[in-house]
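To start, the structure under review is shown below, and the notes come after it.
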Amino acid sequence: MKKVSFIISILAIGVMVSCGGSDSLQAKKEKLEKLKSQQAELASKITALQEEIAQQGDSTSENKTIYKTVALTPVTKQTFTHTIDLQGRVDGDENIVYGAKIPSVVSKIYVKAGDVVRAGQLLAELDNGNVKSNIEALTKNYELVKTVYEKRKALWEDKVGSEIEFIQAKANKEALEKQIQAAKDGLDMYSIRADFNGVVDLVNIKVGQQIAPGTGITVVNPSSLKIKADLSESYAGQVKAGNPVIVKFIDINKTINSKVTYASKSINPATRTFNVEIGLPTDAELHPNMVTEINIVDYEKPNSIVVPINVIQDFEGKKVVFIAVKQGNNYVAKKVVVQVGRLHETSAEIIEGLAEGDQLITTGYQELTDGQIIKL
């Protein structure tokens, strides 16, 4: 006990002497740091003496060593990844509703949802009876006009008949050919056809239903789906084609690794955002308009020291963490000043201050002092 009292007396005298005088603020700060260092050293010596006294049979509460229980995590090198997290939507250039071109009644439907279709395939027909009747009438009339023309032509070649009659017959034939072609073109207005290879996603019409333009059959090409998202203009310098992306479909519990395939060069003046597109593989589970979470990797550094953000503390304008070091028969807490790089979610990149193998205190680091004895 005399040894302990003696050490405490020395500490008290040191503090009194140091507090006197009219030193500058910087000098006082330096003295304070020196005293704190001495305090930690003395505290360690006091604890060691307390242990010696306890081992010799004195178990009074005054001589019991007070430990702070902590948990350690070895510092390892790993890849630090920073991502931009946002929502996106599945879209596709080949995701089209093929509908009526003119108002009419549905007469036939040739496909159902799930059918694979080819470009040019007939999907449905509308009531075209009047158009077909008109084409038939024009065709019959054309046969007569054509016959007259051929006879007039033969006579004219034999120098029989007038040139006017031949020209008139020719004009009648050509005019009727144009009418028939126009009628056939009009007939196609009553047909609903696919423009590309794909899968029928939705048949939104019924036979006998009167439909207007825009209503019809949805066809999707699952091999051309992509994700579209809007990013703040603040990321314009960080995101470009080729950036790795983690795509999460929460509703179907699916994660896909992809890349940014396109990043717009212009900023929307109304929203101050720019558009990015992310490629998707062919997958029957993916559908247009699905909502997804996307994590665009804008920074990645291998062999980095990464620690939980919560273990980093502010101390006199510096960032510090505590590690455990062996001191004699005990482990003590050591305060380490670190330089912090990027932060992401719950992790921080440490640029300087820690090394692989350091024993980082991750539990019980609150209210630790430099040199304090700890219990693992």
Residues of the range 110-147 being in a strand (DSSP E or B) and hydrophobic (A, V, I, L, M, F, W, C), which ones? VAL116, VAL117, LEU122, LEU123, ALA124, LEU126
Looking at THR73, is it farther than 30 Å from VAL219 by Cα, modelled with pLDDT under 65 and either in contact with a Pro (Cβ under 6 Å, 6 or more places away or on another chain) or not in a helix (DSSP H, G or I) (or both)? no
For LYS228, state whether it is touching a residue at least 40 places away in the same chain (Cβ under 8 Å), in contact with a Lys or Arg (Cβ under 9 Å, 6 or more places away or on another chain) and among the basic types (Lys, Arg). yes
Just name the residue that is surrounded by the fewest Cβ atoms within 10 Å (Cβ to Cβ) out of those in the range 293-334 that are at pLDDT 95 or above and touching a helix residue (DSSP H, G or I) at 6+ places or on another chain (Cβ under 9 Å). GLU293
Considering only residues that are more than 34 Å from the chain's Cα centre (by Cα) and closer than 13 Å to VAL70 by Cα, look in the range 335-368 and name the one that is surrounded by the most Cβ atoms within 10 Å (Cβ to Cβ). TYR365
Return the only residue of ASN141, ASN95 being of a type outside the set (Val, Ile, Thr) and buried (at least 17 other Cβ atoms within 10 Å of the Cβ). ASN95
Among the residues of the range 243-271, write down those that are surrounded by fewer than 12 Cβ atoms within 10 Å (Cβ to Cβ) and either part of a loop (DSSP other than H, G, I, E, B) or at positive phi (or both). ASN253, LYS265, SER266, PRO269, ALA270, THR271
If only one of GLY237, GLY214 is at positive phi and either surrounded by 13 or more Cβ atoms within 10 Å (Cβ to Cβ) or of a type outside the set (Phe, Trp, Tyr) (or both), which one is it? GLY214
Just to be sure I understand, how many residues within the range 274-292 are out of contact with any helix residue (DSSP H, G or I) (no Cβ under 6 Å at 6 or more places or on another chain) and not in a strand (DSSP E or B)? 9
For the range 133-165, name all the residues that are under 60 Å from the mean Cα position of the chain (by Cα) and free of Cβ contacts under 8 Å to residues at least 12 places away in the same chain. SER133, GLU136
Counting only strands (runs of 3 or more DSSP E) entirely within the range 169-220, those with at least 1 residues that are touching a residue at least 40 places away in the same chain (Cβ under 8 Å) and touching a Phe, Trp or Tyr at 6+ places or on another chain (Cβ under 7 Å) are 191-193, 216-220
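The values are calculated or read from the model by the stated rules, or taken from the named source; none is laboratory data. Values in this document were obtained by computation on a predicted structure and should not be read as measured data. Virtual Cβ from ideal backbone geometry, glycine too; neighbours counted across all protein chains shown.
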